[in-house]
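Q: Quick one: structure below, then a few questions.
Please treat every number below as a calculation from the coordinates, not as lab data. These numbers come from a predicted model, not from an experiment. Every residue, glycine among them, receives a Cβ derived from its backbone with ideal geometry; neighbour counts consider all protein chains shown.
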Amino acid sequence: MDDENGQSGYYREIARAFLGRRGGALLLSPKDQAAIAAWEDQRIPLRVVLEGIVRTFEGLKARGRATKAVSLTFCDREVTAAFAQHRDRAAGRRKAQEAGPRSDKRDRARREIGQAVEALTPEDALVKRLLREALAALSDSPADEATLERLETEIEEALWSGAAAADKAEASADAAEGPRARRPAVSGEDLRRRVVMTERARRRIPHVSLHYY
C-alpha cells in the first residue's frame, strides 16, 4: 500500500535501508529509482532486496572502500545473486508451500485492496471493479492465483490506458536518464512500466497478485 506521499512500502523500505547504510545525500537519483522499479517489476521480494543491499555494503566494508559515492544500482549484482538463492531455496519446498496455507499474505492483500476500494473515486470505476474481483478471488480457499495474475495485468492496462499524454511524455523524459539511457530511444516496455508505477503510486492502487506480499 502507498503512503500519503505516494510512495509504496516497497520503495520506502529499500530507500531507507540504502540511504541509512550509504550516508551522504538523502535523495535517490533517477537511476536509483529506476532500479527499485525494475526489482519490483521482477517481483523480487523486499527482504531479498534488503539482503542484497546488506551484502553489498558488507563487501565494501571488508575491502576498506568508501560508501558515500555508491549508487543503488551498484547493489544490483548482489540483489540478483540473493534472488537466485531465494528461488533455489524455494524450489525445494514449493509443493509444500502451494499445498499449505498462505493466510498471512492473503489477509494482508485483502486488507490493502479493501482500503483502496473504499478510497477510490467514481472516476476510477474500472480499477475499483477489478479490485473487487480480486477480493472475490482472495476469498476462495486456496486463493485463485491464476485469476489474481490476470487481474494484475488488467489493472496495469487500465492504469496505462488512463494515464494522461503529458504524464507519459514526462515518464519518457525521466526514463531517458535511467540505466537504459544508452539506448537510442526509450523502449515501450520501460515507458509503460514507469507510467504504471507512477499511476499506481499517485492513485494508491495496491498489487493484487500474492507475489507482491
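Q: Quote the relative contact order of region 9-97 in percent (integer), defining contacts as alpha-carbon pairs under 8 Å separated by 6+ residues. Before the final figure, lay out each step's value.
A: Working: 62 pairs, mean separation 30.5, N = 89.
Averaging sequence separation for qualifying contacts and normalising by length gives 34 percent for region 9-97.
Q: Pull up the cross-link candidates among the lysines for K168, meaning alpha carbon to alpha carbon under 21 Å and not fewer than 8 places away within one chain.
A: K31
Q: Moving to a separate point now. What is the order of K105, K61, fewest Cβ neighbours within 10 Å to most?
A: Fewest-to-most ranking of K105, K61: K61, K105.
Q: Provide, as a two-decimal number, the C-alpha radius of gyration of region 9-97 over 2.2 N^0.38 Å, N being how many residues it has. Can you show the working numbers first?
A: Working: Rg = 13.7 Å, N = 89, 2.2 N^0.38 = 12.1 Å.
Working it through for region 9-97, the quotient is 1.13.
Q: Taking neighbour Cβ counts within 10 Å as the exposure measure, how do W160, W39 sort from fewest upward?
A: W160, W39
Q: Please state the shape class of region 123-165: rounded when a/c is under 1.5, otherwise prolate if a/b exceeds b/c and oblate if not, all from the C-alpha gyration tensor.
A: oblate
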